[in-house]
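Report on one structure; see the data block that follows.
The values are calculated or read from the model by the stated rules, or taken from the named source; none is laboratory data. This one's a predicted model, so the numbers in the text were calculated from it and none came from an experiment. Every residue, glycine as well, gets a Cβ built from its backbone with ideal geometry; the counts of neighbours run over all protein chains shown.
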Amino acid sequence: MNLRVLLILFLFIILCLTGLWWYHDQVICNCVSPAVLSEPKKDSIPDTTKKIVDTLKPKISADSTTSIMKEGKLVVYFPVNSVKNNPDKITIQRIEDLAKSVKGNGKIILITGHSDSQGKPEQNMELGLKRANKLKDLMIEHGANSNQIKTISKGQTEPISTNDTPEGRALNRRAEVILQN
């Protein structure tokens, strides 16, 4: 065979193998989000939000509170328009652990309350503060020093998900607990 034909055949094989490798890694192994392969839908919830909602769906309810550890902070979710806090066992354990970890070391706990966008912004700011203060009371109940806890509210100003769906609003009704130096 001609050297030119062999070179073209070699390049064709390399191209095919590269395509197969990409297809396997990116499509079959699901390493690329489906949005890359298809046009995104408007008003859809991001995949990470869906995963969080699916994990918490059985736990977020009208009468109990659940939590997750996310990016180095404790995130506690609340029912609709409520500061009621009937925390699950995992949330209680996380609060106890955090309260014990700051006891006597001078570190500050910052608790930031949030709400969804339902209702008036002023009411949501107040609701966020009530949620933060509710968590502060729980932290004190489990051994934290009240002088080490600071509470603030962001109301509806810092959503982590869409407020257009019930699932997104459920993720926005939260208080975040961060340990500061």
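Here is how the numbers come out for the structure above:
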{"quantity": "Yes/no for Asn81 being exposed (fewer than 14 other Cβ atoms within 10 Å of the Cβ), outside any strand (DSSP E or B) and touching a helix residue (DSSP H, G or I) at 6+ places or on another chain (Cβ under 9 Å)", "calculated": "no"}
{"quantity": "One residue from Ile111, Ile140 being farther than 15 Å from Ile152 by Cα, touching a helix residue (DSSP H, G or I) at 6+ places or on another chain (Cβ under 6 Å) and either hydrophobic (A, V, I, L, M, F, W, C) or assigned by TED's automatic domain parsing to the domain that holds Gly155 (or both)", "calculated": "Ile140"}
{"quantity": "Filter pass, Asn163 being part of a loop (DSSP other than H, G, I, E, B), touching a helix residue (DSSP H, G or I) at 6+ places or on another chain (Cβ under 7 Å) and modelled with pLDDT under 95", "calculated": "yes"}
{"quantity": "Any hit, region 35-45, residues being part of a loop (DSSP other than H, G, I, E, B), more than 18 Å from Ser161 (Cα to Cα) and at pLDDT below 80", "calculated": "yes"}
{"quantity": "Positions within region 120-142 being surrounded by 14 or more Cβ atoms within 10 Å (Cβ to Cβ) and outside any helix (DSSP H, G or I), in sequence order", "calculated": "His142"}
{"quantity": "Glu96, sole failed condition from (1) buried (at least 16 other Cβ atoms within 10 Å of the Cβ); (2) within 17 Å of Arg174 (Cβ to Cβ)", "calculated": "(2)"}
